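Working notes, structure below.
The values are calculated or read from the model by the stated rules, or taken from the named source; none is laboratory data. Here the structure is a predicted model, which is why all the values come from computation and not from measurement. So basically every Cβ, Gly included, is an ideal-geometry build from the backbone, and we count neighbours across all protein chains shown. The area values use the complete protein model at the heavy-atom level, side chains included, leaving out ligands, DNA and RNA. Shrake-Rupley method; radii C 1.70, N 1.55, O 1.52, S 1.80 Å.
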Amino acid sequence: MKLDPAQRHILTLLQKDSTLSTQALADKVGMSPTPCWRRVREMEEAGVIRGYVALVDRHKVGLGTCVWVRVKLKQHSADVLDRFERVVKACEQVVECYELLGETDCLLKLYLPNLEALSVFMHEFLLKIPEIDVTHSAVALREIKNESALPL
């Protein structure tokens, strides 16, 4: 979907505050509510807007440890990757997973309560996945920037 400037402005505003009413959104974009609502609806139907969520402060809910885990698989076949993907998608501690080019096959991002939880995760979950050959973990010392809004 090709976005016009008004749609980009709408998206920028909704990424900052998705609770804006149609009237408030239309006022900020400089159009009347009905055309503004239609543009939002079009973007929802086209899948540009995938949904609306509440952004939760992970520290306030006890998930202060951010961990990145690089995974190298034993084999590079569609079957192996499919099995690995199914297991990882079902794991709630994994908040992001990317397939990569290079020496690392996949990169996982986890939010955990503490390092003990990381040990449990590694021993009770990740290292039991037979498709995994090697893992390397990195624990974030502090968060410098974490934005959910896309630069439009």
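For D105, nonlocal amide neighbours, meaning residues 5 or more places apart or on other chains whose placed amide H falls under 5 Å from its own, are V71, K72, L73.
Per the Kirkwood formula applied to alpha carbons, the chain shows a radius of gyration over Rh ratio, Rg over Rh, of 1.09. In percent, rounded to a whole number, the relative contact order of the chain is 28, using alpha-carbon pairs under 8 Å and six or more apart.
Using a 1.4 angstrom probe on the protein heavy atoms only, line up E124, E44 by accessible area, largest first. Can you show the working numbers first?
Working: E124 115, E44 55 Å².
Largest accessible area first, the list is E124, E44.
Just the protein heavy atoms count here, and of the accessible area of the chain at 1.4 Å, carbon and sulfur take up 53 percent. Using all alpha carbons of segment 20-104, what is the percent of pairwise distances in each 5 Å bin, ordered from the shortest bin to the longest? Answer for segment 20-104: a P(r) of 2, 10, 13, 13, 11, 10, 13, 12, 8, 5, 2, 0 percent.
Student exercise: in the chain, how many lysine pairs 8 or more apart or on different chains have Cα atoms under 16 Å apart? Don't skip to the answer; put the middle values down first.
Numbers: K16/K28; K16/K145; K72/K109; K72/K128; K74/K128; K89/K109; K89/K128; K109/K145.
The number of close lysine pairs in the chain is 8.
Extending 7 Å from the Cα toward the beta-carbon at both A149 and L20 defines two label points whose distance is 0.9 nm.
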